[in-house]
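Only one structure is covered here, and it is reproduced in the block below.
The values are calculated or read from the model by the stated rules, or taken from the named source; none is laboratory data. Since we're looking at a predicted model, the values are computed, not measured. All Cβ positions, even for glycine, are placed from backbone atoms using ideal geometry, and neighbour counts span all protein chains on display.
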Amino acid sequence: MKAVHFFSLLLGLLSVPSFACTSVIISGSNTADGKAVMFKHRDSSCQEVAVEYFQGEKYRFMGLVNADWRTNPLAKVTPGTPEVWGGENETGFAIMNTATYDLKDDDIPMEMMDREGILMYRALEVCATVADFEHFLDTLSRPMYVEANFGVIDNCGGAAYYEVNNYTWTKFDVNREPLGYRVVTNFTMTGRMEDRKGVDRYIKAHKILASTDVPMQEWDHNFLIQNISCSGKPIMRDITSCVIVFEGNTMWASLGKPDRVPCMPYKL
């Protein structure tokens, strides 16, 4: 039994980097057009990704998906519904996530977890504002089967991160950040310090932004991708699959390694 337990633990440790991201939200009070900018550098075991368009229950939206979502037997979805790993709807509401490993404090089996992609698909269908998203979280049935940071921006000036586990959530309003932006990787402020992941990427992203001579009003998709995504290790890794940036009403995406694949605009 001890050998089996050790092997299971080793597999768990090896799997951690498969769901890792580096993200930044910049408050609209510090951007050229007064709208928040949201950046996500995605590391994933799935290297084939795509942007697809959907007609949701209330709103049309576009979203980043794993290209094999229709055939992948491991995807935790209802038939015909993909997992979305970042997207924007016709109202200007946008959402993305980063995985966390320090929040879960219950006995929900791990095989039932990782429903973040399902949650974001549903949020894009029905939410138009940050306030809508908070109501959405409040009204979801428990447990929510998620453990993640969710970044959200809207066309009304809302910009926030949410640390969410199976039963509760905590908001961090980016508009109140003294720096004018917030960096988030794979740990939370409310979780267990001993289980934090992605601290090295968090520190490097902060150093990059703190040391640049470029005014914050010029921190657009090009700046973020070139200065953070293409900065080398530990941010750029073998498992980097794409970068997405929500800027204005456009989702910019480099669907592959950002130092090799050009960034393209996607709009509704």
Exercise for the section: Can you confirm whether region 216-229 contains a residue that is assigned to a loop (DSSP other than H, G, I, E, B), surrounded by 14 or more Cβ atoms within 10 Å (Cβ to Cβ) and hydrophobic (A, V, I, L, M, F, W, C)? Expected result: yes
Practice task
Please tell me if GLN217 is closer than 25 Å to ASN66 by Cα, at pLDDT 95 or above and over 15 Å from the mean Cα position of the chain (by Cα).
Solution key: no
Handout entry: Members of region 130-145 found to be surrounded by fewer than 18 Cβ atoms within 10 Å (Cβ to Cβ) and of a type in the set (Val, Ile, Thr), listed by number
Key = THR139
Practice task
List every residue pair whose Cβ atoms sit under 6 Å apart, with the two residues 6 or more apart in sequence or on different chains, where the first one lies in region 188-203 and is farther than 18 Å from ALA160 by Cα and at pLDDT 95 or above and the second, anywhere, is assigned to a strand (DSSP E or B) and of a type in the set (S, T, N, Q).
Solution key: LYS197/ASN186; GLY198/ASN186; ARG201/THR22
Practice task
Report, by residue number, each residue of region 144-194 that is under 12 Å from the mean Cα position of the chain (by Cα), assigned to a strand (DSSP E or B) and either within 16 Å of THR22 (Cβ to Cβ) or not hydrophobic (A, V, I, L, M, F, W, C) (or both).
Solution key: ALA148, ASN149, PHE150, GLY151, TYR161, TYR162, GLU163, VAL183, VAL184, ASN186
